[in-house]
Amino acid sequence: MDTLVLQVLNSLFYASILFQIACGLTLIYGVMRIVNLAHGNLYALGAYVSGWVLGLLATPGTQPRMWFFVLLLAGAVAAAAAGAILEPTLLRPLYKRAEEYQLLITFGLLLILEDLMHMVWGPHPLTSSALPDLLGSSTILGATYPNYNILVIAIGFVAALGVWAFVYRTKFGVILRATSQNMRMAAALGVNVKRVYVQAFTLGCFLAGLGGAIIMPISGAVLGMGIEALILAFVVVVIGGLGSLEGALVGAIIVGFVRTLGIMYFAEIELAVLYLIATIVLLVRPAGLFGRA
Amino acid sequence: MRQKVLTYAAPIAVALAAVPFVLPPYQTILLSYGLIMAIAALGFNLLLGYTGLLSFGHSAYFGVGAYAAAFLVKYAGITSIEAFLLGGLIASALVSAIFGFICVRHTRIFFSILALALSQVLWSLALKLFWVTGGTDGLRVPTPTLLGGLVQTTGDKLVFLSRTYYYLVLVVFGISVAVMWLIVHSPFGKALQAIRDNETRAEFVGVEVRKYRWIAFLVSGVFTGLAGTLWVPLNGLTTPDVLYWPFSGEIVFLTVLGGFRTFSGPIVGAVAFNYLKSYAVGLTVYWQFLLGVVLVVLVLALPSGIVGTLSQLRGRLARSAWHEPA
Amino acid sequence: MNLLETRQLKKYFGDTHAVDGVDFSVRQGEVLALIGANGAGKTTLVNVISGLLRPDGGTIRFQAVDVTHQSIHDRIKAGIARSFQLVNLFDQLTCLDNVALTVFAREGKTQRLMTLAERDRPVLDEALELLRQFGLEPKARMTAAGLAQGERKLLDVAVAYALRPRLLFLDEPTSGVSTREKAPIMDIITSIVRSGKVTAVIIEHDMDVVFTYSDRIVVMHEGKILADGTPEEIRRNEQVTTTLLGTSAPR
């Protein structure tokens, strides 16, 4: 029983992080029809910046305090800021060009960001593993589980709710959806498309950065984490449907559970199984579970 | 056209044949790497430039070619290069036939992502099934024999790689260029270009679009696989890195660097990228950063690549000379 | 004899009944005009018959064979070809290659990977001859993207005609060209079609064009066939004139 509870919680934990990455990826695609290959690097940036900020405070002898958790947000803010700079400078000139070029420039960005993080923070992982211990752990249905991980699950849940409310319940959300459905029409109706694009991109990057920031105390900020995360996020959006927020949520939960099962029962082919699931979904439902073709 | 081929190809062939006598061994080996990547890029560009499909998963076929040779060494004790090439061709044909069958059901970004996802199945298997594939350590491939031992391949490895193996690479490269040139100028090649330009109309003149895309995918994968097979004895080792998706990104990069709208673009791009990368790697540990900047500048400023830009320049010069008053 | 017959053919887009139970037939050897206001269902009808869209009901018989569920490819093999209202060409190929590709495809030669396309004299000669008939020979080596609108419309028809079809659908072959250019284009097209003994269905808006060049006229209105007859009969049909004038001309 308690192992089952643990597995479920672990799955939700993965799903929370994956959702935050995939949600940004799918939002950006949904609005501007760009697949950002550097999206995983913004997730890594979130992890590095929050790890760095916390590292500055962690002088020998100081104990981590509760308010340090707030500093994790620094990673999300940094990723959002990076997004706000990158969209107008690098992506905007390419909207009218062929898809190949859009993919390629984000690939170039991936190479640049990957090494920038290496340059600034060096080859060694950053982490602040003492932080989660502050929160202690709880016993749920007989299983002991760290409270920090529960917090991560909760943040994922709040992020999903927040994005949903934002997109479906605010005026900005209406504009966003209108732009995503018909950019020309929206522009003709007086929507400032440039501003919508930069806002959507920034929001997407914020979510990725948040995911990176909150996983950092557990798995650290490591080189290559962005490239690895992107591929998993791809699996999520392919299953859920590129451009669909509901799809990102369901996809993240599916991938979260399959990963947990995989680690237990078929560790060697866990990734292969995930990619195969994504492939089968694309074959059966080309637009993904929630996508519109 | 025949004349054009002779005026361009003949001098280049002579120059390439003379390389081992002119350049030091290290440079010759470096050029071998470039020519091998050119074969991969030629295959890749049959899809991108001629069929209009951007694969972000061509590392798969390169890797299959490389691992096919490595498996022959490890599990059959075979070290003949002819067997490597045959095994690489068969293995990459099989894998690209299956992957292609799945991928060509989609176009545009979905095709790219599907190709990428499938390639990562192989990557994760190569990484995780370490008792078969050697995991991150990869598999070693020794100096191969040539023509069943008729050609001396023992002795100094550097001499072998910079002489005998260079010529082998050059011959395979020459054949690959000729075959690909024929394919893109064949009625089949025209049909691919028609699909690229206008899928619906191609269907309505009787071209079975999906089938032709699949055949193009198969040919493309086999060329890239062949490159992987040739690469592995030169490198001496294959690791899952050649299956990882950033390597697919490199193949896209070098093709666009040369210019994917021309036949020779990928060849020029592959050789140029190879020099650029080895120079960047020698210069700084942050070579990825350097390559990233080159790529961004390329996309923003020179989208038609080296060959495309050169021919535009030549066109402009010719026009301005034409318009000059006598 | 009817070359093509549809029975109760239907195509719905949500609540819109674009083609709503149409019995449409084309006789061997005629040049038929399909007219009607915008949104009458003409192009949808052609899209369903040519295989671009799947019907929601009804049957299509071509040369007495049921082709309702055949692939586009099989319909082309059977002899149905079409051009497009918005020009649909291979823009980066030359005019010659646009037509030659069709000939290669028709002859099953596009499956050849190891022969040079430009060495195939019979195919190239046929393609050049077609370009000559359509008055496009001087532009043979130009890319399709570089042509003027009128030339593009002609090339679009030439590409379809190169299939040597039994039945050729021409979807507004003169749309987007100036009034002055219409007659020369229609002269070229109809003379080629008639001398080649190809049965043709022309979708057209311009009434002058329709009455001048067709043997028979079918009028569509809101997904149904409103009238069917010779140009004389259609001209005298009051229902047609009121409907067409009422929906397409300013009052």
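Rule-based calculations on the coordinates, nothing more; no lab input. Values in this document were obtained by computation on a predicted structure and should not be read as measured data. A quick note on method: Cβ atoms are made from the backbone with ideal geometry, for glycine too, and the neighbour counts reach across all protein chains shown.
Side notes on the structure shown:
- Inter-part distance where segment A:24-95 and segment C:63-86 are each reduced to a Cα centre, Å: 55 Å
- Cβ-Cβ FRET estimate between C:Arg236 and C:Ala145, R0 fixed at 51 Å, reported to 0.05: 0.70
- Semi-axes of the equivalent ellipsoid of segment A:147-293 are 30, 20, 13 Å, computed as sqrt(5λ) over the eigenvalues of the C-alpha gyration tensor in descending order.
- Rg and Dmax, both from the Cα atoms of segment A:76-134 and both in Å, are 15.8, 50.
- ³J(HN,Hα) computed for each position of segment A:161-168 - Karplus, 6.51 cos²θ - 1.76 cosθ + 1.60, integer Hz, glycine/proline x: 4, x, 5, 4, 4, 4, 6, 9
- Sum of -39500 (n - 2.57) over DSSP H runs of 4+, divided by residues of chain B (222 nm, nearest 500): -25000 deg cm²/dmol
- Mean projected area (nm²) of the alpha-carbon convex hull when the protein assembly as shown is viewed from all directions: 45.3 nm²
- Grouping the Cα pair distances of segment A:151-190 into 5 Å bins from zero gives a pair-distance distribution of 7, 24, 19, 16, 14, 10, 6, 4, 1 percent in increasing distance order.
- Cα gyration tensor shape of segment C:1-67, rounded if a/c is under 1.5, else prolate or oblate by comparing a/b with b/c: oblate
- FRET efficiency for A:Tyr265 and B:Asn235, using Cβ-Cβ distance with R0 set to 30 Å, rounded to 0.05: 0.25
- Extending 7 Å from Cα along the Cβ direction at A:Gln7 and again at C:Asp208 yields two label points whose distance is 7.9 nm.
- Taking only Cα atoms of segment A:2-284, radius of gyration then Dmax in Å: 18.9, 61
- With the convex hull drawn over the C-alpha atoms of segment C:50-162, the volume per residue is 121 Å³.
- Look at the stretch C:87-95: the mean tally of other chain Cβ atoms within 10 Å of its residues' Cβ atoms is 4.
- Share of Cα-Cα pairs in segment A:1-71 lying beyond 18 Å, as whole percent: 61 percent
- Per residue of B:258-266, other chain Cβ atoms within 10 Å of the residue Cβ number 0 on average.
- Think of it as helices only: each DSSP H run of n ≥ 4 in chain C is worth -39500 (n - 2.57), and spread over all residues that comes to -11500 deg cm²/dmol at 222 nm.
- For the peptides C:226-234, C:40-48, B:94-102, residues were scored by their other Cβ atoms within 10 Å and the scores averaged per peptide; the highest-first order is C:40-48, B:94-102, C:226-234.
- Qualifying lysines (Cα of each under 30 Å from Cα of B:Lys128; at least 8 residues distant if same chain): B:Lys74, B:Lys277
- Radius ratio Rg over Rh of chain C, counting only Cα atoms, Kirkwood formula for Rh: 0.98
- Largest-first principal axis extents, alpha carbons of segment B:2-244, Å: 60, 52, 27
- Listed pairs C:Lys11/C:Lys77; A:Lys96/A:Lys171; B:Lys211/C:Lys109 exceeding 19 Å between Cα atoms: C:Lys11/C:Lys77; A:Lys96/A:Lys171
- Across segment B:16-33, rounded Karplus estimates of 3J(HN,Hα) from the backbone phi angles (6.51 cos²θ - 1.76 cosθ + 1.60, θ = phi - 60°) give 5, 5, 7, 3, x, 8, 9, 9, x, x, 4, 5, 5, 5, 4, 5, 4, 4 Hz, Gly and Pro being marked x.
- Measuring r between the beta carbons of A:Ile85 and A:Leu57 and using R0 = 25 Å, the FRET efficiency lands at 0.45.
- Extension gain from B:Val285 to B:Val171, taking 0.36 nm per residue of separation minus the Cα-Cα distance: 37.6 nm
- Shielding by partners for peptide C:114-127, expressed as the average number of C-beta atoms from other protein chains within 10 Å of each residue's C-beta, is 3.
- Helix-only arithmetic for chain A: the sum of -39500 (n - 2.57) across DSSP H runs with n ≥ 4, divided by the residue total, places the mean residue ellipticity at 222 nm at -24500 deg cm²/dmol.
- Whole-Hz ³J(HN,Hα) from phi, Karplus 6.51 cos²θ - 1.76 cosθ + 1.60, for segment B:34-44, glycine and proline x: x, 5, 5, 5, 5, 5, 4, 5, 4, x, 4
- Peptides A:35-45, B:189-199 ranked from most to least packed, by the mean per-residue count of other Cβ atoms within 10 Å: A:35-45, B:189-199.
- In this label model, A:Glu246 and C:Met1 are separated by 5.5 nm, measuring between points 7 Å along each Cα→Cβ vector.
- Annotation for B:Phe101 and B:Tyr75: the two label points, set 7 Å from Cα along the Cα-Cβ direction, are 2.0 nm apart.
- Amide H contacts under 5 Å for C:Arg216, placed H, 5+ residues apart: C:Val31, C:Ala33
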